[in-house]
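Notes follow once the structure below has been shown.
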Amino acid sequence: MPIDTILFNALVKNGGPGMTKKIAVLIRDRQSEALRMSVGLTLVDDIVDVFVLDVELEQTEENKLNLELMKEVDMNTYSNNAANKSMTYLPIEEIANKLVAYDHVLAY
């Protein structure tokens, strides 16, 4: 099969060029890993929103840096824990309602 056909088939299978996906990242555990990965996902021009569930985000230097980067690239950050002051507070029911609009939901 010619390479052009292989590339075309791969593009069609993956939604084609320019097909932006909506990705939700749910964070409870492995916080720094999840935040780092969330920032990395923006490199493929997908829409990435972060939801910190139930826990207060650990105030490590790495987490602070990742949150700062998220603000710079206009990522939305939400939490159902009001202690996460830098994030938009949403009750768990509203978070559940938002999640149905995403193409992919990644849980940490």
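Of all the listed residues (SER79, SER86), the sole one being small (Gly, Ala, Ser), crowded, with 17+ Cβ neighbours inside 10 Å and more than 12 Å from the chain's Cα centre (by Cα) is SER79. Could you grab me the full set of residues in segment 69-108 that are at pLDDT below 95 and acidic (Asp, Glu)? The answer is GLU72, ASP74. For segment 42-54, the set of residues classified as over 19 Å from LYS98 (Cα atoms) and surrounded by 13 or more Cβ atoms within 10 Å (Cβ to Cβ) consists of THR42 only. Among the residues making up segment 21-60, none is touching a Lys or Arg at 6+ places or on another chain (Cβ under 8 Å), at pLDDT below 95 and of a type in the set (Gly, Ala, Ser). When GLU62 is tested against (1) buried (at least 16 other Cβ atoms within 10 Å of the Cβ); (2) in contact with a Leu (Cβ under 8 Å, 6 or more places away or on another chain), only condition (1) is not met.
The values are calculated or read from the model by the stated rules, or taken from the named source; none is laboratory data. What you are looking at is a predicted structure, and each value in this text was computed from that prediction instead of being measured. Here the Cβ is made from the backbone with ideal geometry for all residues, glycine too, and neighbour counts use every protein chain on show.
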